[in-house]
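What follows is a set of notes on a single structure, which appears directly below.
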There are 4 protein chains.
Amino acid sequence: MNTWGRIFRVTTWGESHGPATGVVIDGCPAGLRITQEDIQKDLNRRRPGQSDVTTPRSEKDTAEILSGIYEDKTLGTPISIVIRNEDVDSHTYDELRHVPRPGHADYTFHAKYGWRDHRGGGRASARETAARVAAGAVAKELLAHHSVRVLGHVVEIHGIQSKFVFESPEDLLLAERSIVRCCDAAASDEMVACVERMKKTGDSVGGIAEIVAFNVPAGVGEPVFGKLDAELAKALMSIGAVKAVEIGVGFQSARLTGTEMNDPFTATGGRIKTKTNKAGGILGGISTGAPIICRIAVKPTPSVGGRQTSVDLETLEEVDLSVSGRHDPCILPRIVPVAEAMVALVLADLMIQGGFIHPVRV
Amino acid sequence: MNTWGRIFRVTTWGESHGPATGVVIDGCPAGLRITQEDIQKDLNRRRPGQSDVTTPRSEKDTAEILSGIYEDKTLGTPISIVIRNEDVDSHTYDELRHVPRPGHADYTFHAKYGWRDHRGGGRASARETAARVAAGAVAKELLAHHSVRVLGHVVEIHGIQSKFVFESPEDLLLAERSIVRCCDAAASDEMVACVERMKKTGDSVGGIAEIVAFNVPAGVGEPVFGKLDAELAKALMSIGAVKAVEIGVGFQSARLTGTEMNDPFTATGGRIKTKTNKAGGILGGISTGAPIICRIAVKPTPSVGGRQTSVDLETLEEVDLSVSGRHDPCILPRIVPVAEAMVALVLADLMIQGGFIHPVRV
Amino acid sequence: MNTWGRIFRVTTWGESHGPATGVVIDGCPAGLRITQEDIQKDLNRRRPGQSDVTTPRSEKDTAEILSGIYEDKTLGTPISIVIRNEDVDSHTYDELRHVPRPGHADYTFHAKYGWRDHRGGGRASARETAARVAAGAVAKELLAHHSVRVLGHVVEIHGIQSKFVFESPEDLLLAERSIVRCCDAAASDEMVACVERMKKTGDSVGGIAEIVAFNVPAGVGEPVFGKLDAELAKALMSIGAVKAVEIGVGFQSARLTGTEMNDPFTATGGRIKTKTNKAGGILGGISTGAPIICRIAVKPTPSVGGRQTSVDLETLEEVDLSVSGRHDPCILPRIVPVAEAMVALVLADLMIQGGFIHPVRV
Amino acid sequence: MNTWGRIFRVTTWGESHGPATGVVIDGCPAGLRITQEDIQKDLNRRRPGQSDVTTPRSEKDTAEILSGIYEDKTLGTPISIVIRNEDVDSHTYDELRHVPRPGHADYTFHAKYGWRDHRGGGRASARETAARVAAGAVAKELLAHHSVRVLGHVVEIHGIQSKFVFESPEDLLLAERSIVRCCDAAASDEMVACVERMKKTGDSVGGIAEIVAFNVPAGVGEPVFGKLDAELAKALMSIGAVKAVEIGVGFQSARLTGTEMNDPFTATGGRIKTKTNKAGGILGGISTGAPIICRIAVKPTPSVGGRQTSVDLETLEEVDLSVSGRHDPCILPRIVPVAEAMVALVLADLMIQGGFIHPVRV
C-alpha cells in the first residue's frame, strides 16, 4: 500500500539503488501557485550530506515535475515528481544479499516477498521518504494558502532534552539554525557532541521530535475511524524509525486525574477556545482550534559499525555481520521534514474532507 | 469515516441514546463457524455494570445477528449485528444541549456539524465501541482459525504499575480474574483501591494497557503507508480516550543506542527468529514472527463530578458546569476488549491482504 | 464489496430469507431534513405485490431508522436503516440447495464461496435492492436540496417501444400512472398485455429503462477513472438483471460521423450550453449542465416456469428443473426506482467530491 | 480520481503536451518475470502513426521503467513507468485557449477546474491512455501466468459489420493482420476504405469493438457493488470515446424471453459449464467459467475539420471554429489495446480479490 489519503492522495515509488524515486500527488485542487523551488526547499532540508552529523551519501535530490502544473499553477490533475538516484554505490551491499541486517527490514521483506532488491535496503530504505517530502511540500503550500503552518523540531536526542518552549510558529523556525534541528542552543550543542561521539564509535542514537500545526480551524477530523489523531498516528508511525506517537501530553495523561487533564473552555473575541492545551488540539478526534501537537519516538539507526549476529537466509546458519556503507549516526535532524510532511498530508486530506478546503479549486 | 479496513471491512453506526448501535462486517471469508455466543462473550467483557469499578449504566448489550451467517457458518456476505440501547436516561443531559463538557467531543462535534445529538455524547460516546467489540469478536474467530490470538491486560493505572511478565498467551488470561484486568494480583488490588477512591471523590484516573498478538507469521504488513505498526497506531488511537501508542520498547527506544536496540537474528528448527524482541515483533512495518506488542496511554475519563468551566454555545459566555450522569471512574478495564478488537481487526485485514488468509473462504 | 461510494458511502447487507435486509449510509451531510416517510415512499415504489404485473410476495418493506437522524435532521453520522423480511416461504427452495437455477447466481455463488444461503437466492436475490432504494431516497433528498432531480421511466418491454419524449422533469412523473412505469399510455397498455400473457405461460420478458438527472451543474465528474459516465455505468450494471448501459445516444453513436455527433456550444443568459444533447450531458466524463441521460437493457427474469436443464452440484449429473415460487414476469416496473437510486447515489457522491455539495453540513 | 483498482492499483498521470505521461502500478505480486519489451509491445499497438488510418503524430512512446522490477522480476513494490512526450506541437492549439471544441472535454474541464492546460486536450487527451496500456501490459503478464488471455477486435465501423465468429483465443489474433483490427478480411477492407474517405473529407467515424477474456475461472467478481460486469462497465466507460457497454448479448437481451435468455447448465469432465453463453460469462456479477464477452460503442472522434459552432469562454459570444492539428479519423483500431488493458486491469484486481491470484507473490 504505497498510497496515502482519501482525497489528497499521494503514491510514492522507488528503490534506494534503482534509477529514481518519486511520487504522484492526486487530488490537489487547481489554481494553486507552486514552483519547483517550493518543493526543492524541503528536499534540501531532508537531503543527505547537509551537515557533519548526517550520512555523507551525496545526493542533490533534484525534483523534476513531469505533470500537473502548468505555468506555475496546479491543474487539478496528478502532479508527478521524479527524483533521480545519483550517488549510488551498490557493490558494498553484495554480502547483504543473503544476510539480513538486524533492526532493518531485510528479513521481513524476504519473508513477505521472497524476492527483493537488497541494495541499500531497496524499497525499505529511508530514501523513500524523499518522495514523501516532495509531496509534503505541495501539501504545505495548499495549507499555507489556508493559513495553516506545520513546523517541527527535535526535543530530545539520547536523553538530552530541549528546554525550549514555543509560543508562536516563528519560534520554531529557530530549529533551522541548529544542525540537529533543536531550538534550545545549549541542548543543541550537547546533542551535536553526542552524535559526533557516536559517529566515531560507529554506533547510533535515537530521540524525540515534536511536530506542531498552527491555525488549524476547529472541526477538522472524521469520526470514528478517521479521527485526526488516528490519522496522525498512522502517518507518523509509517515513517520507518518511529516506534511511538503521542498527542498533547500523551503518555503523561495516564498519570493525571480527569480534573487535571480536562482543558476548560472559554471564549474570547467571539471564538471558543480551551484555556490550556493538554489535549494537543484534538478532542474526540476533531480539532479544537488550538495548536495540534504530536511527538514521535525515533529509534537509533539500525546501521551500526560493530559486529552483529545474523543468519544466512539460505543455509540458516548464524553468521557474524559488519555493516559498512555510509549511514546517519542519528536520523533525528533529517526526520523532522519527513514528519512535517506526513502531518501536512494528513491535514490537507482531512481539511478537504471536512469542507475547509475546496476539493477542486483553491 | 465510520469504516475500518480494506478487505476485512467494518462499518459501525449508532448514537448513545438512539434506538440501537451496530456494525456491518464485510469481507469475512465464507465457511467460518461462528455463533451468537462467540460475539456475546466479548461484549460481556466490555459491558457497563460488570463490576463495582465501572459505570452503573446497566445494558445487557445483546448482539442480534441479522445477516451473513447461515446455519452457524459465515456466508462471505456482510454480517450485520444490532445491539439495542436499553438503559437510556436522556433527560440528565438536557443542560448539555448548549454547554460542551471539557475533555469531551461535545464542542468539536458542534464545531464540525453544527447539529448534534447531545444526549450521552451521541455518536462520540464510548458506547460506539460496543460495535467494534462485536466486529472484533468475528475477527478473533477468523484469526483463531489461523492460530493467531490477541490478548490484552492493564499494565498501569494512575502510576501503579503491574510487574507481570508474560511468556505465553495463557499467562495473559490471568487478567480476566481481576476486575481491573491486571495480571499482577498485588498491583490489581492497589489499582482497585485507587479507582474506588476516585469514584468517591467524583474524579477519574487514566492508565496504560498492553495488547499482544501471538503466532502472527513473519511477513504481515504492507509497506509503505500500510505498515503493520502504522495500522495498529491508527486503530488504537481511534479509540476515544487513547492519547499515545507505542510498539515494542516504544519511547524507551529514543534513549538506546543502535547496538542496544537491534534484535539479533538466530535460527532454530529451520525458522529464523530474533533473539530479543525490542522491536515488538515488527521491522520495516512487517511482522518478524515474534509476538506483536503494543501499549496505549489512556487518559482519565473526562466526566468528573466537580465544577468545571465551560462556555454556553449560544451566548458565548463562560458558565460553571457540573456533569451528573453515570460514568466510569477509570475506563481501563473496559478498554481492554476494545483495544483487542482493534488489533484483531488490523491483523485480520492485513493477513488477508498478505495472502495468509484466503479472502473468500476459510 | 458491499459498499458504494467514496464520500457518500452506502453499505448494504441481508439475505432474501434471513431476518432482515438493510443499509448503512455514511457521509451524508448534517442538517438535512429527512423523515421515515421520505424513505418509505420510494420503498413502496419498489415493493413486491404493488400491482398485478409484479410478484405476489407480499412485503410491507417498512424502513426502520436506527441511527444518524435526530429530531428529523441528519447528524452527519451513519444512517442505519433496517427492513425486516416478512413474507418468507423458504421451503419451496429446498430442492434448489443442490441444483443451480439457469440464469441465476446460484452456481456462481457456489463456485465462489463453497457455502451459500440457497433460499430465495440468498444475497443474490433482487431483495437486496430494497436497501439500495432506501439509501437512494436519502441521496435524492440531498440532491433535491441542491435542486437536482432523478427520474426514470420504462421505454421498452419485449420490443414494445414508448414514443414518449420528455421536455421537463414533470413530464416523467407520468410514469407513475402506469403499472409498468411507461409514460406513453398506448405503449403502456400493450406492455401490460404482453407481461400478463407471459405470466400465464410462466415465461418472462426484458426491456429498457431510461433514467434522467435534471439540473446537474456543469463540472460534476472525476477524470480519469472516476468519470461520471463510468460511475453511472458501474452503478447501473451492478443491478442484477442489467446487461448493457448507454449514455446519451449510446450505441447509435457508433454509426454517426463526428460532425453529426458533436453538440455545438452556444450561450444564453450568460450560461454556456450545448444546442443538442447527443452526449447525454457528459463530455470527457464531466457533466455539461444538460440533462444526464442513461439507458439500461434489462434481461428477462431468469425464474421461468418451464422445464430447464441444470446440474446437481454434488453428483454433477444433469437434472431437469422446474422453478416454482413467486416471481416477477417482468422486472422493469420495479427496477425503475432501483436504477434511480443508483443514479442518485452516483450524483450525491460526485457532487460532494466536486465541491458542489458541502461534505459535512448542508 | 486517477487511480484504478483496490489491490492491483494503477495511477496514471500526464498531460498531452507536458514533458511526459506515466503510470505507477501498485499491488503487482513479486516474482513475476516482466521486461521492457513486454510493455513496449502493447504500447506499439496503441502508438499513433502506426498506419495510414491513424493520426500522423509521431511518437515512439518508449516505456522507461524506473522502479519495481529488479533483474527482470517484479519486487512487489510500485512499478513506475514514464513515457516521454516527443512530437509535441503546441502552438496549433493557441486559439483553443478560450474556445472549447464541441464534443471534447475542453468546456467541462474549464467548468470544473477554472484553469486548464488547453494544449492538445491536456489531461483529457487520448494520450492519457498510453499509461493505461503500459499498466495493462503488466496486468496481462500476470494474467497470462495464470492462463488467462484478453483479446480484442473491431466488430463494426460506421455500420460496416464483421461477420467473424471466434472459437478460440488464437482466432482473435487475426485482428493484428488488419490495420483496423478487424478479423473479417472483407469487412476490414470496407472499413479501411470508409475511414480513408472520412480522412479526406475531414470527418470521422465511430464503431464497435469486442473484448474477450478466455480461461477466467468460475467465481471471479465481488457482489454486490463490485460485480465483474459492473467493474468492466466502469473500466470500459472510463475510456474517453466510449458511450455504451454491453455484456454477452447485451441490448438484445431486452427482447428475449427468460426461456430464450437462460443458459442451461451441463457438466463435462467433472466441470460445470453453461451450454450456451448469452450471459457473456457472468451471472450475478460472478464469472461462470465461460469466456467473458464485452462490447463497447465508440463515438466518432470529435476532432473534425469542418466549421463548428462554439463559444468564447471569456466574451460568451458564439464563434466559428475550425480545428486543425493531427487527428485520427477513426479511433477504433487504436482503442482495442486500450480496452484490452482495462479488461486486464479489472481481471487482475478481481482475481487477486477472489483469491485466484496470490496478492504478494506469484
Determine whether A:Gly270 is at the interface with chain B (Cβ under 7 Å from one of its Cβ atoms), out of contact with any Asp or Glu (no Cβ under 6 Å at 6 or more places or on another chain) and at pLDDT below 95. yes
Filtering segment A:92-110 for residues that are more than 18 Å from A:Thr309 (Cβ to Cβ) and within 13 Å of chain B (Cβ to nearest Cβ) leaves a count of 1
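Each row is one residue, and each column tells you yes or no for (1) at pLDDT below 95; (2) within 30 Å of D:Ile357 (Cβ to Cβ); (3) under 10 Å from the mean Cα position of the chain (by Cα).
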| position | (1), (2), (3) |
| --- | --- |
| B:Leu316 | yes, no, no |
| B:Arg326 | yes, no, no |
| B:Val336 | no, no, yes |
| B:Ala339 | no, no, yes |
| B:Val346 | no, yes, no |
| B:Asp349 | no, yes, no |
| B:Gly354 | no, yes, no |
| B:Ile357 | no, yes, no |
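Name the residue that is farthest from the other protein chains (Cβ to nearest Cβ), counting only residues in segment B:306-362 that are closer than 26 Å to B:His158 by Cβ and hydroxyl-bearing (Ser, Thr, Tyr).
Taking the candidates together, the pick is B:Ser324.
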Filtering segment B:311-362 for residues that are touching a strand residue (DSSP E or B) at 6+ places or on another chain (Cβ under 8 Å) and not in a helix (DSSP H, G or I) leaves a count of 19
Screening D:Gly76, D:Gly121 for residues that are outside any loop (DSSP other than H, G, I, E, B) and surrounded by 22 or more Cβ atoms within 10 Å (Cβ to Cβ) leaves only D:Gly121
By residue number, the members of segment A:332-360 that are closer than 30 Å to C:Pro29 by Cβ and aliphatic (A, V, I, L, M) are A:Met342, A:Val343, A:Ala344, A:Leu345, A:Val346, A:Leu347, A:Ala348, A:Leu350, A:Met351, A:Ile352, A:Ile357, A:Val360
If we ask which residues in segment B:136-167 are more than 17 Å from B:Pro337 (Cβ to Cβ), among the small types (Gly, Ala, Ser) and in contact with a helix residue (DSSP H, G or I) (Cβ under 9 Å, 6 or more places away or on another chain), their number turns out to be 2
Restricting segment A:107-118 to residues that are touching a residue at least 60 places away in the same chain (Cβ under 8 Å) and farther than 18 Å from D:Pro78 by Cβ, the one surrounded by the fewest Cβ atoms within 10 Å (Cβ to Cβ) turns out to be A:His110
Of (1) over 24 Å from B:His110 (Cα atoms); (2) touching a Gly at 6+ places or on another chain (Cβ under 9 Å); (3) modelled with pLDDT under 95, A:Glu156 fails just (3)
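Just the residues that are within 30 Å of A:Lys200 (Cα to Cα) and surrounded by fewer than 16 Cβ atoms within 10 Å (Cβ to Cβ), please, taken from segment A:310-322.
Hits for segment A:310-322 are A:Glu318, A:Val319, A:Asp320, A:Ser322.
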Going through segment B:108-148 in order, the residues found to be among the hydrophobic types (A, V, I, L, M, F, W, C), at pLDDT below 95, touching a strand residue (DSSP E or B) at 6+ places or on another chain (Cβ under 6 Å) and under 15 Å from B:Trp13 (Cα atoms) are none
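Looking for something at the interface with another protein chain (Cβ under 9 Å from one of its Cβ atoms) and not small (Gly, Ala, Ser) - is there at least one such residue anywhere in segment B:158-166?
Yes, there is a match, as at least one residue in segment B:158-166 is at the interface with another protein chain (Cβ under 9 Å from one of its Cβ atoms) and not small (Gly, Ala, Ser).
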When restricted to A:Leu96, A:Leu151, the only residue within 20 Å of A:Cys294 (Cα to Cα) and either in a helix (DSSP H, G or I) or touching a residue at least 40 places away in the same chain (Cβ under 8 Å) (or both) is A:Leu151
### Message
Regarding segment D:287-298, can at least one residue be identified that is without any contact (Cβ under 8 Å) to a residue 60 or more places away in the chain, aliphatic (A, V, I, L, M) and crowded, with 24+ Cβ neighbours inside 10 Å?
### Response
no
- Task: Output yes when any residue across segment A:156-177 is free of Cβ contacts under 8 Å to residues at least 60 places away in the same chain and within 13 Å of A:Leu347 (Cβ to Cβ), and no when none is.
- Result: no
Kindly indicate whether C:Asp328 is without any contact (Cβ under 8 Å) to a residue 40 or more places away in the chain and at negative phi. no
Got at least one residue in segment D:197-204 being surrounded by fewer than 23 Cβ atoms within 10 Å (Cβ to Cβ) and in contact with a helix residue (DSSP H, G or I) (Cβ under 7 Å, 6 or more places away or on another chain)?
yes
Restrict the check to segment A:171-181 and report whether at least one residue is surrounded by fewer than 17 Cβ atoms within 10 Å (Cβ to Cβ) and assigned to a loop (DSSP other than H, G, I, E, B).
yes
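This table checks each residue for (1) in contact with a His (Cβ under 9 Å, 6 or more places away or on another chain); (2) under 20 Å from B:Phe214 (Cβ atoms); (3) of a type in the set (A, V, I, L, M, F, W, C).
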{"position": "B:Gly103", "(1), (2), (3)": "no, no, no"}
{"position": "B:Tyr113", "(1), (2), (3)": "no, no, no"}
{"position": "B:Val138", "(1), (2), (3)": "no, yes, yes"}
{"position": "B:Ala144", "(1), (2), (3)": "no, yes, yes"}
{"position": "B:Val154", "(1), (2), (3)": "no, yes, yes"}
{"position": "B:Gly159", "(1), (2), (3)": "no, no, no"}
{"position": "B:Phe166", "(1), (2), (3)": "yes, yes, yes"}
{"position": "B:Ala187", "(1), (2), (3)": "no, no, yes"}
{"position": "B:Val195", "(1), (2), (3)": "yes, no, yes"}
Quick check, is D:Ile272 surrounded by 23 or more Cβ atoms within 10 Å (Cβ to Cβ) and of a type outside the set (S, T, N, Q)?
no
The residue that is nearest to D:Ser287 (Cα to Cα), considering only those in segment D:184-231 that are polar (S, T, N, Q) and more than 7 Å from chain C (Cβ to nearest Cβ), is D:Asn215
The residue from B:Thr55, B:Thr12 that alone is in contact with a His (Cβ under 9 Å, 6 or more places away or on another chain), within 23 Å of B:Leu236 (Cβ to Cβ) and of a type in the set (S, T, N, Q) is B:Thr55
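With respect to B:Pro300, is the statement that it is modelled with pLDDT of 95 or more and more than 10 Å from chain A (Cβ to nearest Cβ) true?
Taking the combined requirement at face value, the residue does not satisfy it.
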Over segment A:235-261, the set of residues touching a strand residue (DSSP E or B) at 6+ places or on another chain (Cβ under 9 Å), in contact (Cβ under 8 Å) with a residue 60 or more places away in the chain and facing chain B (nearest Cβ under 7 Å) is A:Ser238
Note on segment D:161-189: residues β-branched (Val, Ile, Thr) and more than 20 Å from the chain's Cα centre (by Cα) are D:Val165
D:Val82 under 30 Å from D:Val304 (Cβ atoms) and touching a residue at least 60 places away in the same chain (Cβ under 8 Å) | no
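A quick yes/no check of all residues on (1) more than 14 Å from chain D (Cβ to nearest Cβ); (2) in a loop (DSSP other than H, G, I, E, B); (3) buried (at least 24 other Cβ atoms within 10 Å of the Cβ):
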residue	(1), (2), (3)
C:Trp13	no, no, yes
C:Ser16	no, yes, no
C:Cys28	yes, yes, yes
C:Ile39	yes, no, yes
C:Pro48	yes, yes, no
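The values are calculated or read from the model by the stated rules, or taken from the named source; none is laboratory data. The shown structure was predicted, so the numbers you read here are calculated from the model rather than taken from an experiment. Using ideal geometry, Cβ is built from the backbone for each residue, glycine included, and neighbour counts are taken over all protein chains shown.
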